[in-house]
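Enquirer: Here you go, one structure.
The values are calculated or read from the model by the stated rules, or taken from the named source; none is laboratory data. Since the model is a prediction, treat every value here as computed from it, not as a measurement. When we count neighbours, we look across all protein chains shown, and the Cβ atoms used for this are built from the backbone with ideal geometry, even at glycine. Surface areas here come from the heavy atoms of the whole protein model, side chains and all, with no ligands, DNA or RNA. Shrake-Rupley method; radii C 1.70, N 1.55, O 1.52, S 1.80 Å.
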Amino acid sequence: MATITGDMVINEVIRKYPATIKVFNDYRVDSCCGGGAPIEVTARRDGVDVDGLVHALNAAAEGSQAGAGLKK
C-alpha cells in the first residue's frame with residue numbers, strides 16, 4: 001500500500017513509484033529542477049493543489065503496485 005505524503009522528496013517518490021512521473025507532468029509540477037525538494041514545497045511554488053496532487057500520486061502508485069503483482 002503506497003502512502004505518499006507532501007513531505008516526501010519528489011525524486012525519491014519517482015524512484016520508488018515510476019508511474020508517478022505522469023501525475024507530476026499532468027499537474028505541471030517541476031519534477032526535474034524541483035525534484036530534490038519535498039512535493040509540498042514544489043507544488044505550492046508551482047501553484048498546484050497539494051492535496052489533489054498527493055491523492056493522484058497515491059492512486060498512481062497503488063495502480064503500479066497492483067499491476068506489478070500480476071507480472072510473472
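Enquirer: Please go through (1) under 11 Å from the mean Cα position of the chain (by Cα); (2) surrounded by 12 or more Cβ atoms within 10 Å (Cβ to Cβ) for Asn25 and return the number of the only condition it doesn't satisfy.
Expert: With (1) under 11 Å from the mean Cα position of the chain (by Cα); (2) surrounded by 12 or more Cβ atoms within 10 Å (Cβ to Cβ) applied to Asn25, the lone miss is (2).
Enquirer: How many residues are under 13 Å from Ser64 (Cα atoms) and outside any loop (DSSP other than H, G, I, E, B) if we restrict to region 1-32?
Expert: 8
Enquirer: Of the conditions (1) at pLDDT below 95; (2) open to solvent by less than 90 Å² (accessible area, probe 1.4 Å), Ile4 satisfies every one except a single condition; which number is it?
Expert: (1)
Enquirer: Sticking with this one: Assess whether Gly35 counts as being more than 13 Å from Asn58 (Cβ to Cβ), of a type outside the set (A, V, I, L, M) and assigned to a loop (DSSP other than H, G, I, E, B). So that I can check it myself, show each step before the final result.
Expert: Numbers: more than 13 Å from Asn58 (Cβ to Cβ): yes; of a type outside the set (A, V, I, L, M): yes; assigned to a loop (DSSP other than H, G, I, E, B): yes.
Criteria met by Gly35.
Enquirer: Among the residues of region 46-72, write down those that are open to solvent by 90 Å² or more (accessible area, probe 1.4 Å) and at pLDDT 95 or above. Break it down stepwise before answering.
Expert: Going residue by residue through region 46-72, those that are open to solvent by 90 Å² or more (accessible area, probe 1.4 Å) are 49, 51, 55, 70-72.
Within region 46-72, Asp49, Asp51, His55 meet the criteria.
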